Amino acid sequence: MSEPGTVTVTVTRTVPDAADMRDLGVRLAGLLRPGDLLVLTGDLGAGKTTLTQGIGEGLKVRGPITSPTFVIARVHPSLCGGPPLVHVDAYRLGGFAELDDLDLDASADASVTVVEWGEGLAEGLADARLEMIISRGDGSTEERAVKITGVGERWAGLARELH
C-alpha cells in the first residue's frame, strides 16, 4: 500500500476473458520502461500470469512466460533491445527478507519487474509502482475486475494513458 501523501491514481477495468487479460498486459507493456515495478494480487486462477504473458508479449521478451512458483523468479531477456522482464512469484516466500535475498534491486533499474503475490512484500522495491488487484466474479463467467493503482509521480497520468 502507498505511503500517506504519495500521489496515487486508481483505474478499474472489467476484463471479460483470458484473451482480454492478455491484451490488457500488452497495452500496459506499451507504458512500461526500465525500472518499473508491478505488484500483482489475486486469488489462484485470477489471471496474474495471463496478464504477465501479455506484458511479456508487448515487451517482446523471450518466453514462454509461465508461473515461476517453484523457481521463484525468472528473467526473460528482450528480443528487441528493450528491457528484460523479471517475473517473480512471491507465494512461497516467508517475508520481505526472503524477497530481498533474491537481490531483485540489482537489476531493477534496467528491467521491468512483475511480482505475483507481492502485496505486503514487494512495495518496498520501488517508490513508484503499479499495484494491481485482480478479482474473480462468482465463477459463472471468466470476467475479472482489475483495479490498477499507480503509486508515485511516475504514474500520475495513468487514467489518461489507459483511456
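For segment 35-49, 3J(HN,Hα) computed residue by residue from phi via the Karplus equation (6.51, -1.76, 1.60; θ = phi - 60°) reads x, 6, 10, 10, 10, 9, 10, x, 5, 3, x, 6, x, 4, 6 Hz, glycine and proline entered as x. Separation of segment 9-85 and segment 137-163 by C-alpha centroid, Å? Rounded to whole Å, the Cα centres lie 13 Å apart.
Every read-out reported here was derived from the displayed coordinates using simple, explicitly stated rules and does not represent laboratory data. Computed from a predicted model, the values in this text were never measured in an experiment.
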